[in-house]
Protein chains: 2
Amino acid sequence: MLMGEGVEWGLHCCVALAWLDDHAPIATARLAEIFELPPEYLKKRLQPLVREGILDSTPGARGGYRLARAPERLTLMDVVAAVEGRTEAFRCTEIRRRGAGAARASTEFDKPCGIAAAMGRAELAWRRELSGQTVADLMAATPANASKYTRRFYESVTG
Amino acid sequence: MLMGEGVEWGLHCCVALAWLDDHAPIATARLAEIFELPPEYLKKRLQPLVREGILDSTPGARGGYRLARAPERLTLMDVVAAVEGRTEAFRCTEIRRRGAGAARASTEFDKPCGIAAAMGRAELAWRRELSGQTVADLMAATPANASKYTRRFYESVTG
């Protein structure tokens, strides 16, 4: 069970866009250079973030991205959900109702399957943790140099 | 980010094998009938559980599966890790070191990336929750009828 690269790329781009907010909008090519990522791929990976209202995208030669909300109001869960979707990782196909279960009254299945419920509790713990952390927290946890070098790098390539 | 069907099948089979322990070993074909699953597929899905010491498998015409440990000592994490592997869902490829980061001293990266650390905390919350629940807990949370019908069904198909 693995996440796509879009989560790593998306989160780093959100932090970089927060640092570069006074230069926004930031062109895809510039954002890609900051992390040495292939610009076309990056553009595709950022599309779900635009669709979900996490990034604003301005078209055209002087266009690019900016954060659509304050970093304090953008959680890791928002980014993960935008990239990976909101479907629970565990899929219950109700196999309890088949075979040996087929003879049981349908009302016996009114209560959710205990296995699905247990897996759901774990997923909830994961989601709670992601919802409790914001892009602002990520910025606060990063050494000051990271922001300084990102700004300096951006100014040198756009210079 | 989705789990394979092996997690659902594996957890249900562990519970059923616990209920049928006095009849063990339980043949693949019989276990498959309990949930109307394709026997060959089920066999493949259970192989990682045998490899990881969760199930004992006895070969031959009278062979089959039994739980290799007491249900109290078998956690949901054990089953999920056996089926899905132990790799963290989030993969950090250290893009912070590239592009704008390339100019920074390598010692600045001694501390793990804050994004990977934040994603790791969420994964840990998920793993903790799965490690805190056992197959015995699943059995306790299931209506008594589920065990009764499974035993009755098994006894009727094995005649």
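So A:Thr93 passes all but one of these: (1) out of contact with any strand residue (DSSP E or B) (no Cβ under 8 Å at 6 or more places or on another chain); (2) at pLDDT 95 or above. Which condition number does it fail?
Result: A:Thr93 fails condition (2) only.
What number of residues within the range B:55-72 satisfy the criterion of being out of contact with any Cys (no Cβ under 7 Å at 6 or more places or on another chain) and surrounded by 19 or more Cβ atoms within 10 Å (Cβ to Cβ)?
Number satisfying all stated conditions: 4.
Could you say which residue among A:Ala100, A:Ala81 is part of a helix (DSSP H, G or I) and surrounded by fewer than 19 Cβ atoms within 10 Å (Cβ to Cβ)?
On the way: A:Ala100 fails: surrounded by fewer than 19 Cβ atoms within 10 Å (Cβ to Cβ).
Result: A:Ala81 is the single residue among A:Ala100, A:Ala81 that is part of a helix (DSSP H, G or I) and surrounded by fewer than 19 Cβ atoms within 10 Å (Cβ to Cβ).
Is it fair to say A:Arg91 is within 12 Å of chain B (Cβ to nearest Cβ), within 24 Å of A:Asp137 (Cβ to Cβ) and without any contact (Cβ under 8 Å) to a residue 12 or more places away in the chain?
So A:Arg91 does not fit the description; no.
Which of the numbered conditions does A:Arg86 fail, given that it passes all the others? Conditions: (1) free of Cβ contacts under 8 Å to residues at least 12 places away in the same chain; (2) assigned to a loop (DSSP other than H, G, I, E, B); (3) over 29 Å from A:Pro39 (Cα atoms); (4) more than 7 Å from every other protein chain (Cβ to nearest Cβ).
(3)
Have a look at A:Leu37, A:Leu76, A:Leu49 and point out the one that is open to solvent by less than 40 Å² (accessible area, probe 1.4 Å), under 18 Å from B:Ile95 (Cβ atoms) and in contact with a strand residue (DSSP E or B) (Cβ under 7 Å, 6 or more places away or on another chain).
A:Leu49 is the lone residue from the list that is open to solvent by less than 40 Å² (accessible area, probe 1.4 Å), under 18 Å from B:Ile95 (Cβ atoms) and in contact with a strand residue (DSSP E or B) (Cβ under 7 Å, 6 or more places away or on another chain).
Which of the residues spanning the range B:128-141 are open to solvent by 40 Å² or more (accessible area, probe 1.4 Å) and either at the interface with another protein chain (Cβ under 8 Å from one of its Cβ atoms) or assigned to a loop (DSSP other than H, G, I, E, B) (or both)? Break it down stepwise before answering.
Kept after step one, since they are open to solvent by 40 Å² or more (accessible area, probe 1.4 Å), are these residues of the range B:128-141: B:128-129, B:131-132, B:137, B:139-141.
Residues satisfying the conditions are B:Arg128, B:Glu129, B:Gly132, B:Asp137, B:Ala141.
Counting only residues that are of a type in the set (Phe, Trp, Tyr), give me the helices (runs of 4 or more DSSP H) lying completely in the range B:1-72 with at least 2 of them.
The qualifying helices (runs of 4 or more DSSP H) are B:5-19.
Yes or no: the range B:142-154 includes at least one residue that is more than 9 Å from chain A (Cβ to nearest Cβ) and modelled with pLDDT of 95 or more.
No, there is no match, as no residue in the range B:142-154 is more than 9 Å from chain A (Cβ to nearest Cβ) and modelled with pLDDT of 95 or more.
Can you pull out every residue in the range A:103-127 that is of a type in the set (D, E, K, R) and open to solvent by 20 Å² or more (accessible area, probe 1.4 Å)?
Residues satisfying the conditions are A:Arg104, A:Glu108, A:Asp110, A:Lys111, A:Arg121, A:Arg127.
Among the residues of the range A:61-86, how many are farther than 16 Å from A:Glu129 by Cα and among the β-branched types (Val, Ile, Thr)?
So the first thing to find is which residues in the range A:61-86 are farther than 16 Å from A:Glu129 by Cα, and the list is A:61-71, A:82-85.
Filter once more, keeping what is among the β-branched types (Val, Ile, Thr): A:83.
Of the residues in that region, 1 qualify.
Given the criterion over 19 Å from A:Ile95 (Cα atoms), of a type in the set (A, V, I, L, M, F, W, C), without any contact (Cβ under 8 Å) to a residue 40 or more places away in the chain and facing another protein chain (nearest Cβ under 9 Å), identify the matching residue among B:Ala105, B:Ala32, B:Ala68. Step through it out loud before you land on a result.
Working: B:Ala32 fails: over 19 Å from A:Ile95 (Cα atoms); B:Ala68 fails: facing another protein chain (nearest Cβ under 9 Å).
One residue alone meets the criteria, B:Ala105.
If you go through the range B:110-127 one residue at a time, how many are facing chain A (nearest Cβ under 7 Å) and not in a helix (DSSP H, G or I)?
0
The values are calculated or read from the model by the stated rules, or taken from the named source; none is laboratory data. In this text, all values refer to a predicted model and were calculated from it rather than measured experimentally. Please note: Cβ atoms are built from the backbone with ideal geometry, for glycine as well, and neighbour counts cover all protein chains shown. Side chains included, ligands, DNA and RNA excluded: accessible areas come from the protein's heavy atoms. Shrake-Rupley method; radii C 1.70, N 1.55, O 1.52, S 1.80 Å.
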